[in-house]
1. Condition first: β-branched (Val, Ile, Thr) and either crowded, with 24+ Cβ neighbours inside 10 Å or closer than 24 Å to Arg326 by Cα (or both). Can you find one or more residues in the range 238-257 that meet it?
2. Which residues, taken from the range 14-52, are over 26 Å from Leu261 (Cβ atoms), of a type outside the set (Gly, Ala, Ser) and either modelled with pLDDT under 90 or in a helix (DSSP H, G or I) (or both)?
3. Within the range 177-194, which residues are buried (at least 21 other Cβ atoms within 10 Å of the Cβ), charged (D, E, K, R) and in contact (Cβ under 8 Å) with a residue 40 or more places away in the chain?
4. Only one of (1) of a type in the set (A, V, I, L, M, F, W, C); (2) touching a helix residue (DSSP H, G or I) at 6+ places or on another chain (Cβ under 7 Å); (3) more than 24 Å from Pro153 (Cβ to Cβ) fails for Ala72. Which number is that?
5. Only one of (1) surrounded by 14 or more Cβ atoms within 10 Å (Cβ to Cβ); (2) aliphatic (A, V, I, L, M); (3) out of contact with any Leu (no Cβ under 8 Å at 6 or more places or on another chain); (4) at pLDDT below 90 fails for Ala6. Which number is that?
6. Output the number of residues of the range 296-354 satisfying the condition of being open to solvent by less than 40 Å² (accessible area, probe 1.4 Å) and in a helix (DSSP H, G or I).
7. Please determine, by comparing only the residues of the range 202-217 that are part of a helix (DSSP H, G or I) and under 19 Å from Glu177 (Cβ atoms), which one is nearest to the chain's Cα centre (by Cα).
Amino acid sequence: MEALFALVLADGEELLERELEAAITDARERGWPIGVALATTISAWLHMRRGELALAAAELRTASDIRAVHGATPLDPFVIAFEAWLRADAGRPEDGLALIADRLPDEIPDAAVFQLPLLARGVLRLLTGKRDEGIDDVLLVGERELRFGGLTPSAMAWRTIAARGLAARGESDRARELAAEELVLAENLGTERAVGIARRGVTLVGAEENRIDGLERAIAHLRRSSARLELARTLVELGVAMRHAKRPREAREPLREAAELARACGSVAVQRRALDELGAAGEGGHEDATPEGLGGLTPSELRVARMAVAGLSNRTIAAELDVGERTVEVHLTRTYRKLGVKNRRALIEERGGELSAGS
């Protein structure tokens, strides 16, 4: 199994696929179901890194089915992490957090195999507005990593994730230091995926005037990798940067590509964000194929809707969230459609109690 891990982290995908197939075949021929579960869990990791979410989910179902019959495997914490991330990509990060809370203790054990679920919890906490708790989790991953001998940024880009949270909390110097450290490590590693993710991280916590150039460089690396979903995420950031630079027409091209890539990968969350940003860039006519109701709202739409129900004006909401009033209008328009209401007054009267209850 150590050799398979090494191939994952080195992005040696062609050889890894052959080795995984051989490992699964061998385990089945020997009647060793736990071996099949271990190999399919690593295969799920490979698919997650590529952004092949449906394939990852299928592999995780195999591992979970074996666990239900034959008992736990040493990689069960990985399965928990991947399933939580899949729920976040389905647009349900709260469900991912609930899964981790249900399957693991609040004090996640201090062992190498629990690093991925600890990182997943940190990421999902950041996504759901639990910023301080999320930062604490991600930084704890880093502290533990040093004791475990260290892992490459190809395994867990915890510095990049922590940097975004720290920058949002106003700790810009520390954020830039962590992001820069990760870029050096990634460049020493030399894989396109790791360098692309790290360069995106450095760019997003750096000076805004350098953002477009930095993201374009990150995208160039990711295009040479198989990390399709990371490419989609970075294209969204490029579209946002172009829109903020008053270049909305140019922003639409990377946002369209991001939406299509995210759809192909199966990430509802990234597709929603790309479509939201396309709307903010002035391109309408894109339908969000998510369910109607509160469950179909993106985190941004839900946040704006709750602020509107609380009586805040569009201008106040925009100032609070550090976005343009046009972005607030787009979020509200999409919210009205998804919730089946005509305007703000109807939102307050017909869905206000439901929205307030979830605040």
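The values are calculated or read from the model by the stated rules, or taken from the named source; none is laboratory data. Please read all numbers here as calculations on a predicted model, not as lab measurements. Note: ideal-geometry Cβ built from the backbone for every residue, glycine included; neighbour counts use all protein chains shown. Accessible surface is based on the protein model in full, side chains and every heavy atom, while ligands, DNA and RNA are left aside. Shrake-Rupley method; radii C 1.70, N 1.55, O 1.52, S 1.80 Å.
1. Going residue by residue through the range 238-257, those that are β-branched (Val, Ile, Thr) are 240.
From what is left, the residues that are either crowded, with 24+ Cβ neighbours inside 10 Å or closer than 24 Å to Arg326 by Cα (or both) are 240.
Yes, there is a match, as at least one residue in the range 238-257 is β-branched (Val, Ile, Thr) and either crowded, with 24+ Cβ neighbours inside 10 Å or closer than 24 Å to Arg326 by Cα (or both).
2. Initial filter on the range 14-52 (over 26 Å from Leu261 (Cβ atoms)): 18-19, 21-39.
Remaining after also requiring of a type outside the set (Gly, Ala, Ser): 18-19, 21, 24-26, 28-30, 32-34, 36, 38.
Residues satisfying the conditions are Arg18, Glu19, Glu21, Ile24, Thr25, Asp26, Arg28, Glu29, Pro33, Ile34, Val36, Leu38.
3. The first filter runs over the range 177-194 and keeps only residues buried (at least 21 other Cβ atoms within 10 Å of the Cβ), leaving 178-179, 182-183, 186, 191, 193-194.
In the following step, the residues that additionally are charged (D, E, K, R) were identified as 182, 193.
Of everything in the range 177-194, just one residue is buried (at least 21 other Cβ atoms within 10 Å of the Cβ), charged (D, E, K, R) and in contact (Cβ under 8 Å) with a residue 40 or more places away in the chain, namely Arg193.
4. Ala72 satisfies every listed condition except (2).
5. All conditions are met except number (1).
6. Within the range 296-354, residues that are open to solvent by less than 40 Å² (accessible area, probe 1.4 Å) and in a helix (DSSP H, G or I) number 24.
7. So in the range 202-217, the residues part of a helix (DSSP H, G or I) come out as 202-204, 208-217.
So of that shortlist, the ones also under 19 Å from Glu177 (Cβ atoms) come out as 202-204, 208, 210-211, 214.
Details: Val202: 17, Thr203: 17, Leu204: 15, Glu208: 22, Asn210: 23, Arg211: 20, Gly214: 20 Å.
Only one residue fits best here, namely Leu204.
Residues checked against (1) buried (at least 22 other Cβ atoms within 10 Å of the Cβ); (2) in contact with a helix residue (DSSP H, G or I) (Cβ under 8 Å, 6 or more places away or on another chain); (3) at negative phi:
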| position | (1), (2), (3) |
| --- | --- |
| Ala27 | no, yes, yes |
| Ala37 | yes, yes, yes |
| Gly51 | yes, yes, no |
| Leu55 | no, yes, yes |
| Ile66 | no, yes, yes |
| Val79 | yes, yes, yes |
| Pro105 | no, no, yes |
